[in-house]
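Visitor: My questions will all concern the structure given below.
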Amino acid sequence: MDRSPDISARPAAPDLLAVFLLSAAVIALELALMRCLAVARWHHFAYLVISAALLGFGASGTLLTFAGDTLRHCFKTSVLILTLAFALSVTGAFRAAEALPLNVRYVLYSPWQMGLMFAHDFLLLVPFFLAGSAIGLSLMQFGRRAHYVYGVSLIGSGAGSALAMGLMFLLPPQLLLYGVGALGALAGLCWAASHHRRPGYAGVGLVLVALGAEFTLAPLTLKIDQYKDLALLDRLAAQGDARRVVSRYGPRGRLDVYASPLLHKTMFAGLTATSAPPAQLALLVDGDYAATVLDVESAAEAEILDHTPMSVPYRLLKKPRVLLLGEAGGTNVWLARRMGASHVTVVQPNPQIVDLMQGELADASGRLALAQDVTVVRAAPRSFLERTHVRFDLIQIVTTESLAAGASGLRSLHEDFLLTRQGLELCVRRLTPSGVVAATRGLQMPPRDNIKILATLRAALAGAGLREPERHLVQVRNLLAVTTIAFASPPDEASCERLDLFVRRLGLDVEWSPCAEGSPRAQRSRMQGPPGKRYSYLHHAALKILSGERRDFFRRWQYNVRPAADDSPYFYNFFRWKSLPGFWRAYGRQWFTKMELGYVVLVFALVQALLVGGVLILLPLIRLRRSKGEGGGRAATALYFTLLGLGFMMMEMVCLLKFTRLLGDPIYAAAGMLSSFLIFSGLGSVLARRIRPQPLRAIRLAAAGVALIAVVYALGLDGAFRTVVVLPLWCRMASAIVLTAPAAFLMGWPFPNGLAILGRSRPLLVPWAWAANGFAGVAASPLAVLLALHVGFRAVLICVAALYLAAALVSHRLPGVDQNRSVG
């Protein structure tokens, strides 16, 4: 017969400190792994890390359902062993996962690679499983003080987030894992001190020695995916054909600069170019090619840039004042100088890149970033546009200038508030009366990126109040790339003549122009088009988008090319479920190369969460059915804590993504918003019983408050952003904290109050509730992003409101509610 655990124990200060440090280590591990996989794999692997972390916590609840009583009878030893095992597994699990021969490009049509993906995720969740078991066991041990334990855990997570971000400026992400392990060992030291366990001190010492020995003798290195540019350049360096110039680390990314005579990026120069590309350096961010740094001393050495499609808008203007949004390596500054720009403003969101260009790379880049005719601004492009009142003759969106992402989908989950309808509308509003906005993107088949750019610019022109947007747009291309130009005023006859002259001189094809009459000329660079038509699919798309048929075109086209909006800022998401059968038929086993890899990874994370979580949630029913006195309330318990897990994580994800736009920097959003969100939730948990001691009433009040705030966010958050976005950074950060603190504080109430109800009536359901909450969080992370992709942030916030209201209704069915109604 199972004995109900005694939940009257009170946590001592070292116990709470141990939970604090262990929780800080867990969130630091999560962030460090996200950085490691962004460099070694791809940035959307962050969702797999979140999934692994929460799966580990959910699985710990399953373990505790079966073995919780046994572990509680030797609680002091159990939490110490679990914590020290966590400290050791941090580096061990990652080393084992990196050793797997995983190739993510073949996951969908190789059962072997699919199995390796599951094995990779399983290894990553091991440390989270161990830490979750220790924290869950503490919630069981100190059941009547669960609100303190849970609150301290959330506060520790908030502190760990800020700590991890700070350490990323000092350490490569793989070496940060040793700091996480040491933090876990310190948590073990607190457990040992609390329970006066001499063997515990020895265990902590051994763990620290083991971590130190590994760090000294065989430190972790990242296994870079063989298809990443960093892996290619490393192979060239190994054979003596390239040289790493500098490497930098930080929370925004890893920067690498390579020099090689084999580098010849030409920014889409066409066939009219007669000069060779100048010597150049490659700037990589997180292992991916980010920019070219021309190793020249004067603009005369960059003659090849005259033959790029990006030169076309310059040729329509005289001595323009230029704004380069997202310029990194300085190549477009050389182009602006060659085209006679009077002044160039460069907006770069990554301060580390600016520091490189003004420091180690200053001489190699011709000291562009230090020149008098160049102003460098460290800011996110969207944030700069919202705060400046300066007008420009040419705004060049440099962030689009790469080979199209659609072919691999590597950026499909990347939020970009510049490439939304509202972001490009700001560009139009910052133009002089004769100014232009220009964006260039590599060609791809079937086309989607450049179609979406044209559609979004059309929507931006309409949003800026310009009638007949089709008269303000021009789209030209060569055999490599497409340049789309939006005019503040329709091009006059002289501009049309210049456009026609330079199109002929550069050998370009015109896909759309208000200057052209009738059908387009015969294509110089042949591109596939509709059957029986002489023009390309790009011209076909322009005909549809710039007419009354655009909605029907958006509905029928095989990719999602509708303009992105601030409510769903995923410009690079082109995925459409209904196109899958057609791609299967057309491309066979290679269909995967035509779809969005990031979207597939997200769906994989969700499916994995549902399958594994479902099994591990149902498994404890075997144990619970055998337990006398625990038969009632299982369904209500699972549903209540599942609703809370979904609601909490979805709100956290939306706030993190939305407030990135306000703060203008994902690092401030992660370090500031994530930390403050978790800390205020923790304070809510700690103080909830003092403010509203009756658990059921506290749950109802908190759920109603969170639902109301979520609806207010959905209806008014964008308006609040427009009011405070012009303020200095510290004011915006303070505003963000003020806006999120009430919701976060109330969100800390329902979970510990639910545990309090269970603890007095059905204590064996406590670990199962922990498991249900964890598994729901696993599904919530990818689900929130999927919903944002398809229906927007507002819909996600409305879902959050509905989830909390549903949890309040279900709370009345929790076992033991009647005996808790009058408990203070």
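Visitor: Give me the percent of accessible area attributable to carbon and sulfur for the stretch 278-390, probe 1.4 angstrom.
Guide: Carbon and sulfur: 49 percent of the exposed surface of the stretch 278-390.
Visitor: A follow-up question, please. Would you work out if the stretch 213-303 is rounded, prolate or oblate? Take a ≥ b ≥ c from the square roots of the eigenvalues of the alpha-carbon gyration tensor; rounded if a/c is under 1.5, else prolate when a/b is larger than b/c, oblate otherwise.
Guide: Because a/c hits 1.5 or more and a/b exceeds b/c, the stretch 213-303 counts as prolate.
Visitor: At 25 °C and 0.890 mPa s, what whole-number value in µm²/s does Stokes-Einstein give for the translational diffusion of the stretch 686-824, with Rh from the Kirkwood sum over Cα pairs?
Guide: After rounding, the answer is 147 µm²/s.
Visitor: So how tilted is helix 793-811 from the main axis of the chain? Cα-based, degrees 0 to 90, rounded to 10.
Guide: 10 degrees
Visitor: Here's a follow-up. What is the set of long-range amide H partners of H343 at a cut-off below 5 Å, with H atoms built 1.01 Å from backbone N?
Guide: V322
Visitor: What accessible area per residue, rounded to a whole number of Å², is obtained for the stretch 127-230 using a probe radius of 1.4 Å?
Guide: That works out to 37 Å² per residue.
Visitor: While we're here: When the Karplus curve 6.51 cos²θ - 1.76 cosθ + 1.60 is applied with θ = phi - 60°, which whole-Hz ³J(HN,Hα) does each residue of the stretch 499-516 get, with x for Gly and Pro?
Guide: Taking θ as phi minus 60°, the curve returns 4, 4, 4, 7, 4, 5, 5, 8, x, 9, 9, 9, 8, 7, 7, x, 7, 6 Hz for the stretch 499-516.
Visitor: Moving on to the next point. Once you list every other residue whose beta carbon is under 10 Å from the beta carbon of A38, what net charge do they have if Lys and Arg are +1 and Asp and Glu are -1?
Guide: Around A38, the charge tally is +1.
Visitor: Using a probe radius of 1.4 Å on heavy atoms only, what accessible surface per residue do you get for the stretch 243-298? Whole Å² is fine.
Guide: Ligands and nucleic acids excluded, the figure is 43 Å² per residue.
Visitor: What cysteines in the chain have no other cysteine with a beta carbon less than 4.7 Å from their beta carbon?
Guide: Taking the Cβ cut-off of 4.7 Å, the unpaired cysteines of the chain are C36, C74, C190, C427, C655, C731, C799.
Visitor: If you don't mind, another one. List, in order, the whole-Hz ³J(HN,Hα) value for each residue of the stretch 464-470 obtained from phi through the Karplus relation with A = 6.51, B = -1.76, C = 1.60 and θ = phi - 60°; use x for Gly and Pro.
Guide: 7, x, 8, 6, 6, x, 4
Visitor: So, one more: If I take every Cα pair under 8 Å that is 6 or more residues apart in the stretch 34-187, average their sequence separation and divide by the length, what percent do I get for the relative contact order?
Guide: Computed over the stretch 34-187, the figure is 34 percent.
Visitor: Oh, and also: Could you work out the relative contact order of the stretch 251-391, using alpha carbon pairs under 8 angstrom and six or more residues apart, expressed as a whole percent?
Guide: 20 percent.
Visitor: Using the per-residue mean of other Cβ atoms lying within 10 Å as a proxy for protection, in what order, highest first, do the peptides 133-142, 493-502 fall?
Guide: Most protected by this proxy first, the peptides run 133-142, 493-502.
Visitor: Moving on. Take every Cα pair under 8 Å in the stretch 123-219 that's 6+ residues apart, average their separations, divide by the length, and report that relative contact order as a whole percent.
Guide: Relative contact order for the stretch 123-219 comes out at 17 percent.
Visitor: Using the Cα centre of the chain as the reference point, and only Cβ charges (+1 on K/R, -1 on D/E), how large is the resulting charge dipole? Debye, rounded to the nearest 20.
Guide: Here the chain has a charge dipole of around 2140 debye.
Visitor: I've got another one for you. Going through the cross-link list K452/K658; K318/K452; K228/K658; K265/K452; K228/K265, which pairs have a Cα-Cα distance over 27 Å in this structure?
Guide: Violating the 27 Å limit, Cα to Cα: K318/K452; K228/K658.
Visitor: About its Cα centre, what dipole magnitude does the stretch 408-503 give when the only charges are +1 on Lys and Arg Cβ and -1 on Asp and Glu Cβ, stated in debye to the nearest 20?
Guide: 280 debye
Visitor: Residues of the stretch 732-792: accessible area per residue at 1.4 Å, in Å²?
Guide: 20 Å²
Visitor: May I ask which residue of W768, F648, G716 lies farthest towards the positive end of the charge dipole of the chain, with charges of +1 (Lys, Arg) and -1 (Asp, Glu) on Cβ and the Cα centre as origin?
Guide: With unit charges placed on the Cβ atoms, the residue in question is W768.
Visitor: For V257, what charge total do you get from the other residues with a beta carbon under 14 Å from its beta carbon, if Lys and Arg give +1 and Asp and Glu give -1?
Guide: -4
Visitor: Translational D (Stokes-Einstein, µm²/s) of the stretch 20-111 at 4 °C and 1.567 mPa s when Rh comes from the Kirkwood sum over C-alpha pairs?
Guide: Estimated diffusion coefficient is 85 µm²/s.
Visitor: OK, next. Using a 1.4 Å probe on the protein heavy atoms, what percent of the accessible area of the stretch 180-276 belongs to carbon and sulfur?
Guide: Within the stretch 180-276, the accessible surface is 62 percent carbon and sulfur.
Visitor: Based on the mean of other beta carbon atoms within 10 Å per residue, what is the order of 530-541, 721-732, most packed first?
Guide: With the highest mean Cβ count within 10 Å placed first, the list reads 530-541, 721-732.
Visitor: Let me ask something else. Tell me, what HN-Hα J-couplings in whole Hz come from the Karplus equation 6.51 cos²θ - 1.76 cosθ + 1.60 at θ = phi - 60° for each residue of the stretch 321-329, using x for Gly and Pro?
Guide: So the J values, rounded to whole Hz, are 8, 10, 10, 9, 8, x, 4, 10, x.
Visitor: Grab the eigenvalues of the alpha-carbon gyration tensor for the stretch 51-207, scale each by 5, take roots, and send me the semi-axes largest first in whole angstrom.
Guide: 29, 20, 15
Visitor: Heavy atoms of the protein only, probe of 1.4 Å, neighbouring chains included. What is the accessible area of M267 in Å², nearest 10?
Guide: The value for M267 is about 40 Å².
Visitor: Which percent of the accessible heavy-atom area of the stretch 633-729 goes to carbon and sulfur, probe 1.4 angstrom?
Guide: It is 72 percent, rounded to a whole number.
Visitor: What does the convex hull of the alpha-carbon atoms of the stretch 83-167 project to on average, in nm²?
Guide: 7.5 nm²
Visitor: For the stretch 289-337, I need the span (max minus min coordinate) of the C-alpha atoms along each principal axis, in Å, sorted largest to smallest.
Guide: In descending order, the Cα extents are 29, 24, 18 Å.
Visitor: How big is D, in µm² s⁻¹, for the stretch 123-271 by Stokes-Einstein at 25 °C and 0.890 mPa s if Rh is the Kirkwood radius over C-alpha pairs?
Guide: 127 µm²/s
Visitor: May I have the pair-distance distribution P(r) for the chain, computed from all Cα-Cα distances with 20 Å bins from 0 and rounded to whole percent?
Guide: Binned Cα distances yield the sequence 15, 45, 30, 9, 0.
Visitor: Using amide H atoms built 1.01 Å from N in the peptide plane, name the residues 5+ places from A290, or on other chains, whose amide H lies under 5 Å from its own.
Guide: L283, L284, V285
Visitor: Now, a different point. With the calculation restricted to Cα positions, what are the radius of gyration and Dmax of the stretch 112-158 in angstrom?
Guide: Cα only, the stretch 112-158: 15.1, 48 Å (Rg, Dmax).
Visitor: Taking the convex hull of the alpha carbon atoms in the stretch 487-564, what volume per residue do you get, in Å³?
Guide: Once divided by residue count, the hull of the stretch 487-564 is 132 Å³.
The values are calculated or read from the model by the stated rules, or taken from the named source; none is laboratory data. Quick caveat: nothing in here was measured; it's all calculated off a predicted structure. Using ideal geometry, Cβ is built from the backbone for each residue, glycine included, and neighbour counts are taken over all protein chains shown. The area values use the complete protein model at the heavy-atom level, side chains included, leaving out ligands, DNA and RNA. Shrake-Rupley method; radii C 1.70, N 1.55, O 1.52, S 1.80 Å.
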